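Notes follow once the structure below has been shown.
Bear in mind these aren't lab numbers, they're just calculated from the coordinates by the rules spelled out. Just so it is clear, the model here is predicted, and its values are computed rather than measured. Here the Cβ positions follow ideal geometry from the backbone for every residue, glycine too, while neighbour counts run over all protein chains shown.
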Amino acid sequence: MTTETAPQEFTFQAEIAQLLHLLSHSLYQNREIAIRELVSNASDALDKYRHVVLTQGASVGESELGIWIEPDEENRVLTIRDNGIGMTHDELIQNLGTIAHSGSLDYLKKLSDAQKNDVSLIGQFGVGFYSAFMLADQVEVLTRSYSEDTGWKWTSDGTGRFSIEAAEGLERGTQIKLHLKEDLDEFTRPIRLKHILTEYSTFVPYPIRCDGEHVNDQKPIWVEPKSQVTDEQYKAFYGYLSKRTHEEPLWHLHLTSDSPFQFHAILFCPPTNFELMGFGKDEHGLHLCAKRILVQNNCRELLPEYLRFIYGLVDSADLPLNVSRQALQDDTVFRKIRKVLVKRVLGHIEKFAETPEEYAKFYGQFGTTLREGVASDFEHRDAIAKLLRFRSSCGDDRAALTSLDDYVSRMPEEQTQIYFVTGSDIRTIQRTPNLEAFASRNFEVLYLIDPVDEFVLNHLGKFADKDIVSIDSAEVELPEAKADTAEGEDAESKAADETPAGLDRVIELLKEGLGEKVEDVRVSNRLTASACCLVNPEGAMSAQLQKVLSQASDEFQMAKRIFEINPKHALVQRLAALSANSQHDEFIKSCGQQLFTNALMIEGVVPDAHDATDRMMGFMEELASSRSPIAGE
């Protein structure tokens, strides 16, 4: 060997030893990441060469651009080879000798802004390369630049020095030979390598071959024009992301954004929600890529919790990654991408809702998850509110769902609030006495069977500038019902005639009989057929929600209710007549207590059983005797 071809010895930059320690103990806790980094660098070199071909008219040659993974189990050597741009003698020193220098970064600085849009570069070549020493106690780099006929061999054991010598007979590109550490034979097994490549490098835009097999044959469809992607390709990609290959997605959203940041994304909605099947909370997130190289799978920060059911992939060249590609240095770009994604997803769901039957399937599966956003995402609360669906008193179909927009569009001019009622089931709700006033005025009422819906509407508070209130709330505003009177009849005189004498005395006796059980007793303007109802005081939760909370905690105390009576009901009018004789005071009090008990039972609240049965027994005994006051004076 002549002096000119003798190996040249170099000393690493001082920070290299510290870097290798970090790579081994901190940044790269999973050794297989080294394969990802080296494949990423190979893809980087191929991108650079492709750019040279496009801009300088160089010849690609007959060989296909690609990456080869070549394990040698006998000698315990793993080779990662590409036929990209290659490196010169000086580039080896610059790119692999100093941590501060970045081959890709330096290359980018030389390009005009227009050219930057044509080239695909990922990360910092020199930094990712050093992950090789996680696997190897000696690394050889054999490389020949596209611009030279002479190749070079770079060698180091990672302890502080490296050597460079000329190497003949090399093809254009780079080979990285990893002489594996004693305990890492697994990285010479093709089945293990294929698993790693499938996990991290499936969508590298160049063919990766291992043991003669093309292992990344999944086309990166997210960078393709939507018009060129078939339904079969979308389905296959959904199956890859979700591992649910037996089903088709309910819908997909294919996004491309160039401003203010460039990214591509494909998002999928599955047809079923595993959370409803008792599998626990979904913990998957989106795949995050930087120029088709996987940075993080299950990235749950790209979408908020209430959209956790969505599968997908986001690919951006603008994410500022740290040396491990596993964390973000600055989340400004990240947050802006998330904002765009959320807006586009909610917009797509709103458009999807234009097909009611299909949307009903979606909402049946994911409505419970989606509505969480009302409480957690103030910025998009109004958009989420438009996606909510409820059963209502409008129409005979108990399964039909309505939106808040549709509800508002049907409101009579005199209606000032959006009304809802809660209950355990539709049948129970429809028999609620509080509904009578709303039915008589033709006011629609939303039926809430799930207590969570009340939490959601309480958080929402308003929709289309209309307050949302429970029909059993004291905050309900009811305009006067239209009087249905005969011609020439005075409505006010008729109303006065229907208010029985002695009603004030009845209210006084009921207050005495109910005592601390109620907050107040008063005449109702919301009842038309029932004798009484219970109303929640201002600011209180609905009875149904209070019942759920009381069942969940023995310490929860239900709020005192307002007891309202219907002055037009025959029983109330009879009690008013009996109130003229003080001998009937105790009977009127007992009737009030029983009416209160009946109202609780209608709402599904279990009263004191012994008290109720004793009182009913007393009524029956009274009726069976000749002393019954109801039988007449």
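What the table shows:
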quantity	calculated
Order of 49, 419, 234 under a 10 Å beta carbon neighbour criterion, fewest first	234, 49, 419
Charge dipole of the range 221-357 about the Cα centre (unit charges at C-beta), most positive-ward option of 293, 355, 264	293
Projected label distance in nm at residue 137 and residue 414, using a 7 Å step from Cα toward the beta-carbon	9.3 nm
Rel. contact order, % - alpha carbon contacts under 8 angstrom, at least six apart, the range 209-294	19 percent
Within-11-Å neighbourhood charge of residue 527 [Cβ basis; K, R +1; D, E -1]	0
Full-extension gain in nm, residue 213 to residue 157, via 0.36 nm per residue minus C-alpha separation	17.1 nm
Computed FRET value (nearest 0.05) for residue 90 with residue 233, which takes r as the C-beta separation and R₀ as 30 Å	0.10
Fewest-first ranking of 597, 432, 499, using other Cβ atoms within 10 Å as the exposure measure	499, 597, 432
Gyration tensor (alpha-carbon) shape descriptor, the range 189-334, a/c threshold 1.5	rounded
Charge-dipole axis of the range 492-631 as Lys and Arg at +1 and Asp and Glu at -1 on Cβ define it, positive-most pick from 548, 610, 506	506
Ranking of 528, 402 by count of other Cβ atoms within 10 Å, fewest first	528, 402
Net lengthening on full extension, residue 199/residue 379 (0.36 nm per residue, minus Cα-Cα)	61.3 nm
Taking the range 250-290 and dividing mean pair separation by its residue count, relative contact order in percent (alpha carbons under 8 Å, at least six apart)	30 percent
Approximate spin-label separation residue 360-residue 585, in nm, with each point projected 7 Å along Cα-to-Cβ	5.8 nm
Set 281/361; 511/568; 281/466; 153/219; 48/153 screened for pairs whose C-alpha atoms are more than 28 Å apart	281/466; 153/219
Cα shape, the range 492-631, gyration tensor, a/c 1.5 rule	oblate
FRET efficiency for residue 75 and residue 301, using Cβ-Cβ distance with R0 set to 41 Å, rounded to 0.05	0.40
Length added when fully stretched, residue 279-residue 344, from 0.36 nm per residue minus Cα-Cα	20.6 nm
Dipole moment magnitude, nearest 20 debye, the range 221-357 about Cα centre, only Lys, Arg, Asp, Glu C-beta charged	360 debye
Point-charge dipole on Cβ atoms (K/R +1, D/E -1) for the range 173-266, about Cα centre, debye to 20	100 debye
Computed magnitude of the charge dipole of the range 223-266 (debye, nearest 20; Cβ of K, R +1, Cβ of D, E -1)	140 debye
